[in-house]
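The values are calculated or read from the model by the stated rules, or taken from the named source; none is laboratory data. This is a predicted model, so every value here is computed, not measured. Every residue, glycine among them, receives a Cβ derived from its backbone with ideal geometry; neighbour counts consider all protein chains shown.
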Amino acid sequence: MTRMQRREFLRSAGCASGMAAFGGCCLMAVRESAAVSAAVGRYVSDGLYAGLACASNAGDLYVEGMRTLDAPRLPVTRDTLFDLASVGKTHTAALCALLYAEGRLDVDAPFTEYIPEHVLAKENCRVTVRDLATHSGGFDNSKPYMTADSEKMFAELFRKRPVWPRGERFCYACSNFVYLGLIVERLTGQNLDAAAKKMLWEPLGMKRTTWNTVVGDPDVAEYPQSTYSGPKRRIGEHNDVCAHLAPRPMGNGANFSTAPDMLLFAADLLRRECFPKAYYELLFAPSFEKDGHRRSFGWDMAAKRSTFSDWTRTAFSAQAICHSGWTGGVIAVDPARGFAGVVLGNRLAGKERTMGPRMHLLDLMATNG
């Protein structure tokens, strides 16, 4: 099979066959762009990242740099597990979308219908499940629930109040997705890791993805202390403080995955073959737009006017959805360009210094380098 034939095979394959092979240990990249390869190498050599793993549905697969920071210095591989940080919120959104497609979740109902312990349940709550997924329900990103005392953690979550009226503004708040994760738990009777394996990861052939702390796996990325708060983390522990302290997986992300596994997830969103139509429609439908912020259910979208968004420096279309993460990753799906791609890495430089480069890598892969 030629490189071109293999690329077309990957593009046309179904969710349980062809693309699943991309997650296997034997398949190599089917194309190589000098421009992408040079950019990946430059971002590592310039000290923005210790290591990078990039993949796209066009057959891109680039691994560069080190997954460990201290001796022994070990290289990134195609199977290296990265802490997704907030990129993992896309899995929370996907689980909600699947429950919606099954008729088990009303995304336009008050979220307190599913979390009646919340203080707003007694106050004629109007904040909907969709509002949580678009970060437009009025909650800010304060985190009074950040404690190792699990009883206090949930007590604080249930008494957190919005600071703005519903729909007035966008404010990225991790608690929104913690609530969504709790809703998934209530409706499935399972924790997020078990629910995701059954409903999302196994159907897509994602075998190197977990919501749990990673123990005993030799191929996991290490992160500098600048990416988390508190004592030094052991390799495989969550960077996110809430995920690190919580007694079980939380919906604000911090799951672990590989570039090939995340490509299976992204490529299915492009092909729309594995799950009900309503699942894909919800994730791609614009659901909030105001003051330069445009969101679908759980994803960022390019806005017509935006002074802040890294989308403005790319060629992604208005149909595209994207999500970045604190630890250095980003994922994007653009139906207009027929593109699905992911960039994962253990960043060394700050989030703002690495956001442009990671979006640039996606853009380069989408434009064939």
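Does region 38-47 hold any residues that are touching a residue at least 60 places away in the same chain (Cβ under 8 Å) and either polar (S, T, N, Q) or loosely packed, with under 12 Cβ neighbours inside 10 Å (or both), and which are they?
Within region 38-47, the first condition is being touching a residue at least 60 places away in the same chain (Cβ under 8 Å), and the residues that meet it are 39-40, 43, 47.
G47 - this is the single residue of region 38-47 that is touching a residue at least 60 places away in the same chain (Cβ under 8 Å) and either polar (S, T, N, Q) or loosely packed, with under 12 Cβ neighbours inside 10 Å (or both).
Quick check on region 193-243: of everything there that is part of a loop (DSSP other than H, G, I, E, B) and polar (S, T, N, Q), which residue is surrounded by the most Cβ atoms within 10 Å (Cβ to Cβ)?
We begin by selecting, within region 193-243, every residue part of a loop (DSSP other than H, G, I, E, B); these are 205-209, 211-219, 221-224, 228-240.
Now narrow it down to the ones that are polar (S, T, N, Q): 209, 212-213, 229, 239.
Working: T209: 25, N212: 16, T213: 15, S229: 11, N239: 22.
Per the stated criteria, the residue is T209.
Considering each of A266, A254, A285 in turn, give the residue that is of a type in the set (G, A, S), in contact with a strand residue (DSSP E or B) (Cβ under 9 Å, 6 or more places away or on another chain) and under 21 Å from T314 (Cα atoms). Can you show your working first?
Values: A254 fails: under 21 Å from T314 (Cα atoms); A285 fails: in contact with a strand residue (DSSP E or B) (Cβ under 9 Å, 6 or more places away or on another chain).
Testing whether each residue is of a type in the set (G, A, S), in contact with a strand residue (DSSP E or B) (Cβ under 9 Å, 6 or more places away or on another chain) and under 21 Å from T314 (Cα atoms) leaves just A266.
Which residues, counting only those in region 157-208, are in contact with a strand residue (DSSP E or B) (Cβ under 8 Å, 6 or more places away or on another chain) and within 18 Å of S86 (Cα to Cα)?
F170, D193, R208
Would a scan of region 303-326 turn up a residue that is in contact with a Leu (Cβ under 8 Å, 6 or more places away or on another chain), farther than 22 Å from K351 by Cα and either free of Cβ contacts under 8 Å to residues at least 12 places away in the same chain or of a type in the set (A, V, I, L, M, F, W, C) (or both)?
no
Checking the condition modelled with pLDDT of 95 or more, more than 21 Å from F256 (Cβ to Cβ) and aromatic (F, W, Y), which residue from W164, W201, W211 passes?
Working: W201 fails: more than 21 Å from F256 (Cβ to Cβ); W211 fails: more than 21 Å from F256 (Cβ to Cβ).
The match here is W164.
In the set G350, G345, which member is of a type in the set (G, A, S) and crowded, with 17+ Cβ neighbours inside 10 Å? Write out each step before concluding.
Working: G350 fails: crowded, with 17+ Cβ neighbours inside 10 Å.
Just one listed residue meets the conditions, G345.
Here is a list: L105, L84, L52. Which entry is surrounded by fewer than 24 Cβ atoms within 10 Å (Cβ to Cβ) and either assigned by TED's automatic domain parsing to the domain that holds G298 or closer than 23 Å to A340 by Cβ (or both)? Reasoning before the result, please.
Numbers: L84 fails: surrounded by fewer than 24 Cβ atoms within 10 Å (Cβ to Cβ); L52 fails: surrounded by fewer than 24 Cβ atoms within 10 Å (Cβ to Cβ).
Sole residue among the options that is surrounded by fewer than 24 Cβ atoms within 10 Å (Cβ to Cβ) and either assigned by TED's automatic domain parsing to the domain that holds G298 or closer than 23 Å to A340 by Cβ (or both): L105.
So, L95, is that one aliphatic (A, V, I, L, M) and over 21 Å from the mean Cα position of the chain (by Cα) or not? Explain how you work it out, then say what you get.
Details: aliphatic (A, V, I, L, M): yes; over 21 Å from the mean Cα position of the chain (by Cα): no.
Taking the combined requirement at face value, the residue does not satisfy it.
Kindly list the number of the only condition in (1) free of Cβ contacts under 8 Å to residues at least 60 places away in the same chain; (2) assigned to a loop (DSSP other than H, G, I, E, B) that fails for N252.
Going through the list (1) free of Cβ contacts under 8 Å to residues at least 60 places away in the same chain; (2) assigned to a loop (DSSP other than H, G, I, E, B), N252 breaks only (1).
List the residue pairs whose Cβ atoms are under 7 Å apart, where the first residue sits in region 165-187 and is free of Cβ contacts under 8 Å to residues at least 24 places away in the same chain, the second is part of a helix (DSSP H, G or I), and the two are 6 or more positions apart or on different chains.
E185/L192
Do we have R42 as more than 20 Å from K351 (Cα to Cα), over 22 Å from the mean Cα position of the chain (by Cα) and at pLDDT 95 or above here? If you could, list the steps in order and put the result at the bottom.
Details: more than 20 Å from K351 (Cα to Cα): no; over 22 Å from the mean Cα position of the chain (by Cα): yes; at pLDDT 95 or above: yes.
Spelling it out, it is not the case that R42 is more than 20 Å from K351 (Cα to Cα), over 22 Å from the mean Cα position of the chain (by Cα) and at pLDDT 95 or above.
Sort out which residues of region 61-73 are touching a residue at least 12 places away in the same chain (Cβ under 8 Å), assigned to a loop (DSSP other than H, G, I, E, B) and among the aliphatic types (A, V, I, L, M), and write them in order of number.
Of the residues in region 61-73, the ones touching a residue at least 12 places away in the same chain (Cβ under 8 Å) are 61-70.
Adding the requirement that they be assigned to a loop (DSSP other than H, G, I, E, B) leaves 67-70.
Of everything in region 61-73, just one residue is touching a residue at least 12 places away in the same chain (Cβ under 8 Å), assigned to a loop (DSSP other than H, G, I, E, B) and among the aliphatic types (A, V, I, L, M), namely L69.
For T77, indicate whether it is buried (at least 17 other Cβ atoms within 10 Å of the Cβ) and polar (S, T, N, Q). Give the steps one after another, and end with the answer.
Working: buried (at least 17 other Cβ atoms within 10 Å of the Cβ): no; polar (S, T, N, Q): yes.
So T77 does not fit the description; no.
Tell me which residues, restricted to region 37-60, are small (G, A, S), part of a loop (DSSP other than H, G, I, E, B) and touching a helix residue (DSSP H, G or I) at 6+ places or on another chain (Cβ under 9 Å). Steps first, please.
Let us first name the residues in region 37-60 that are small (G, A, S), namely 37-39, 41, 45, 47, 50-51, 53, 55-56, 58-59.
Filter again for part of a loop (DSSP other than H, G, I, E, B), leaving 47, 58-59.
Within region 37-60, A58, G59 qualify.
Go through (1) free of Cβ contacts under 8 Å to residues at least 12 places away in the same chain; (2) more than 27 Å from D60 (Cα to Cα) for R272 and report which single condition fails.
R272 satisfies every listed condition except (2).
Among the residues of region 17-32, are any at pLDDT 50 or above, more than 17 Å from M359 (Cα to Cα) and among the aliphatic types (A, V, I, L, M)?
The answer is yes, given that some residue of region 17-32 is at pLDDT 50 or above, more than 17 Å from M359 (Cα to Cα) and among the aliphatic types (A, V, I, L, M).
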